[in-house]
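Undergrad: If you scroll down you'll find the structure; I have some questions about it.
Laboratory data are not the source of any read-out in this text; all were calculated from the coordinates shown. These figures come from a predicted structure and were not determined experimentally. A quick note on method: Cβ atoms are made from the backbone with ideal geometry, for glycine too, and the neighbour counts reach across all protein chains shown.
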Amino acid sequence: MSRRISFMNVKHLKLVRDALKESHFIDANWFDLGVELNLPYPDLANIRAKWSNDPSQCLLECLSLWLTSANNRTWESLASALDKMNHAAAEHVRKTYGDPASQIFQHYSDRISQIFLTDSCIQLLYTEGLITEDTQRKIERCGGSLSDTLRELMIAVSDDHSKLRSLGNILMELDKTKPLAQDIIKDCDEIIDRSVTTAVVRPVRKVNHLPAANNIPVSASDGELFFNAAHQSMFDEIRGSFGILIDEIIPLVSQSIPSAAKMKSFLQLSFPELSAELSNADSIEGIMNVVVKKCRINNISKLKTIVKRFKITEAKPLISKYEKEVKTVCGSLKDYLSQNQPEHFFICETIRFTLGWEPEENSLDDIRNLLEEAFKELNKRIIVRSIHRGNSIIIICYAPHHLLAALFLEAQDNLTVLIKDFHLIRLTIGHHTVYNKRIKNKYCLVEEAKVTNDEAQELKALLDKKEGSIDEQRSLIKMKKESESKLKLCVKAHRLFQSKMSDIMHLRSKKEKQEEKSKALKENMYHIDYLQECIYIKEIFLQPIRIWKENVCTARFDYTGLDGFGDSLLVNKGDEVEMHGCLRGLTQLIARSLTSGLQGYVPFSYVESKFDTLTLFQFAIYESELSYPTLCKIRNDLDNDDEKATLFMETLNDDPIMLDALRQDIALYNQ
């Protein structure tokens with residue numbers, strides 16, 4: 001049983017987005033989805049930077065990038081990406097959009113959207129359960145076009161695969177759609193392998209013709225062979241051996257090949273069909289994942305080529321052991337065929353294998369590949385299918401086309417018995433559903449589709465009435481569009497007004513800020529002038545201290561030291577000392593006696609220098625407004641500077657306390 005892989009494009013953007021909405025996918029997780037879909041990180045980062053505040057738009061841009069540039073644009077790839085984020089969403093995508101029937105429908109969706117059905121065909125779509133009654137009326141109003149109902153049809157097909165064949169049979173009614181119908185039915189035969197004409201009856205309580213679980217499988221019919229569920233383990237074991245081989249070889253390859261670029265270049269040269277998928281693989285593990293996906297349970301040639309090229313000797317025994325195990329299983333299958341084949345088996349063009357269990361799709365592919373390997377010498381077509389277990393059985397019957405009318409009458413006569421005694425669920429003849437318990441439990445006879453002349457007149461009157469209502473609706477729609485246009489203009493004008501007001505407020509705010517800056521600048525200029533003035537004054541009053549370091553001073557009094565200060569310098573009045581200007585507690589200076597050569601601390605008030613005296617004189621007489629009586633007398637009574645200086649020196653010599661007071665006043669003035 002082959003399967004069509006349908007690659008999507010940007011036309012499927014809306015369908016993919018709707019599928020994610022149905023599965024309750026969170027738009028904010030779009031970035032993780034893009035990473036799982038192997039989309040380039042820079043492109044995802046650009047989308048996030050451009051639409052950072054709109055997760056829905058980011059999701060659309062991400063899906064558009066995937067549908068236009070990626071190599072894995074399939075529903076299975078999308079489901080695999082969702083598996084790691086939301087398992088329920090992944091299962092919904094697989095069930096609704098990734099099953100074989102949905103894949104076939106999507107493959108022909110473009111052609112289906114271009115057809116126009118007659119009223120009778122539209123009625124059959126409703127009768128077969130492909131569309132609802134509301135959708136039927138919608139299609140009739142649109143002239144029979146199916147372009148707006150594709151999604152509803154696909155959901156119906158995914159829920160019941162037999163409805164895809166029913167759709168094909170309905171399309172056979174029209175000459176223009178017969179080629180499309182034939183293609184759909186052909187794919188149903190090859191891929192889904194379901195029958196068209198079926199009747200479902202009450203549950204089967206006992207089945208005697210099926211083989212027991214422990215029996216050797218026997219041929220079901222000419223050209224057909226049956227495997228019961230007991231043989232599932234044989235196929236599972238060989239699939240497990242394949243997994244073990246891959247798990248053991250990948251580490252050996254990673255250890256033996258130091259350069260991933262060299263391995264990628266070799267594979268692209270040897271197998272050009274892998275170039276597209278290898279372009280996204282940057283490590284040896286990523287390259288091996290691509291290679292393993294292309295291997296089959298009966299074909300590991302690509303792995304053998306890598307082992308041979310890079311001389312990985314440790315892997316050769318593992319490959320030989322696995323190939324031997326495959327040959328053993330194939331030999332057992334050949335022995336089975338030779339024991340159970342019918343006499344005319346070799347003239348059959350097709351061999352059908354029926355499995356007594358329902359394997360997953362990947363498992364079914366592996367079983368098919370293994371059977372093809374075992375019977376490749378017969379050069380026959382191999383079809384593998386499984387039995388779907390349930391509480392009902394399917395009865396298939398065939399009849400000539402010219403006897404359909406009689407068959408309808410016979411079914412109608414016995415319908416009550418079938419429903420009451422056999423618990424009939426559904427009865428279909430051709431593409432006409434005679435009875436379906438799920439659709440309102442009513443008889444769906446073909447005769448109901450034939451209307452009388454009176455009914456046709458009523459339908460025509462109803463149609464005229466609907467056309468009149470359509471005209472009214474069109475006028476209402478036109479008025480609504482005009483009002484919407486006016487509303488859009490008003491909204492646009494309002495937004496423009498808001499934009500201008502925003503600009504005005506911005507300019508006002510800018511002007512206020514500039515005024516504040518100007519005011520602050522003026523205040524800063526005032527503070528600068530004040531600081532400069534302070535610096536100037538400070539420089540003036542720091543001069544004496546700097547000059548103390550370079551001048552020789554004279555002791556004004558005898559100094560014998562103070563208790564607690566062992567490093568004091570002993571001087572006599574009139575001794576000359578060299579001052580170094582280092583203060584201790586702002587009251588003493590370091591000095592060296594030029595008489596004794598000793599060095600120590602001398603109180604600030606016990607020494608004097610000419611510069612110090614001049615500084616004090618300038619400050620006390622001219623720069624300050626001190627209110628000492630003696631200073632006021634010198635300042636006001638004398639006019640000659642020499643006389644003022646002489647009297648000032650005499651005052652200091654007579655009153656040492658005034659000298660200390662003046663020095664403290666200078667210090668306070670500087671602060």
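Undergrad: Go ahead and run the numbers for FRET between residue 83 and residue 415, Cβ-Cβ distance against an R0 of 51 Å, rounding to 0.05.
TA: Working: r = 46 Å, r/R0 = 0.91.
Calculated transfer efficiency: 0.65.
Undergrad: Now a separate question. For the range 43-123, state which trypsin sites (Lys or Arg not before Pro) are in a DSSP loop and have at most 13 other beta carbons lying within 10 Å of their beta carbon. Please report the intermediate quantities before stating the final value.
TA: On the way: sites: 48, 50, 73, 84, 94, 95, 111; in loops: 73, 84.
Counting only loop positions with at most 13 other Cβ atoms within 10 Å, the trypsin sites (Lys or Arg not before Pro) in the range 43-123 are 84.
Undergrad: Roughly how many nanometres apart are two label points built 7 Å out from the Cα toward the Cβ at residue 422 and residue 557?
TA: Inter-label distance under the simple model: 14.0 nm.
Undergrad: Something else: Give me 479, 288 sorted ascending by neighbouring Cβ count inside 10 Å, so fewest comes first. Intermediate values should be presented prior to the final figure.
TA: Details: 479 10, 288 22.
Listing 479, 288 from fewest to most nearby Cβ atoms yields 479, 288.
Undergrad: Once you list every other residue whose beta carbon is under 14 Å from the beta carbon of residue 13, what net charge do they have if Lys and Arg are +1 and Asp and Glu are -1?
TA: Values: positive: 11, 14, 17, 21, 73, 151; negative: 18, 61.
Cβ neighbours under 14 Å give a net charge of +4.
Undergrad: Could you pull out every residue, at least 5 positions away or on a different chain, whose amide H is within less than 5 Å of the one on residue 225? Hs are placed 1.01 Å off N in the peptide plane, and Pro or chain starts have none.
TA: For residue 225, whose amide H was placed from the backbone, the distant partners under 5 Å are 220, 352, 353, 354.
Undergrad: For residue 323 and residue 526 in one chain, what is 0.36 nm times their gap in residues minus the Cα-Cα distance, to one decimal in nm?
TA: Numbers: separation 203, 0.36 × 203 = 73.08 nm, distance 9.64 nm.
Full-extension gain reported as 63.4 nm.
Undergrad: Among 384, 10, rank each residue by its count of other Cβ atoms within 10 Å, from fewest to most, as a rough exposure measure. Provide the component values of the computation, followed by the final result.
TA: Values: 384 21, 10 14.
So the ranking, lowest neighbour count to highest, is 10, 384.
Undergrad: Let me ask something additional. Within the range 23-88, which chymotrypsin sites (Phe, Trp or Tyr not before Pro) sit in a loop by DSSP and count at most 13 neighbouring Cβ atoms inside 10 Å?
TA: Values: sites: 25, 30, 31, 51, 66, 75; in loops: 25, 51.
Taking the range 23-88 and a limit of 13 other Cβ atoms within 10 Å, no loop chymotrypsin sites (Phe, Trp or Tyr not before Pro) are found.
Undergrad: Could you give the length gained by full extension between residue 236 and residue 273, i.e. 0.36 nm per residue of separation minus their alpha carbon distance, to one decimal place?
TA: Values: separation 37, 0.36 × 37 = 13.32 nm, distance 2.96 nm.
Additional length available on full extension: 10.4 nm.
Undergrad: Moving to a separate point now. Arranged by the count of other C-beta atoms within 10 angstrom, fewest first, what order do 164, 569 take? Display every interim value, and only then the final one.
TA: Numbers: 164 27, 569 23.
Neighbour counts put them in this order, fewest first: 569, 164.
Undergrad: Could you work out how far apart the two model spin labels at residue 71 and residue 376 are, taking each label as a point 7 Å from the Cα in the direction of the beta carbon, and quote it in nm?
TA: About 2.5 nm separates the two model spin labels.
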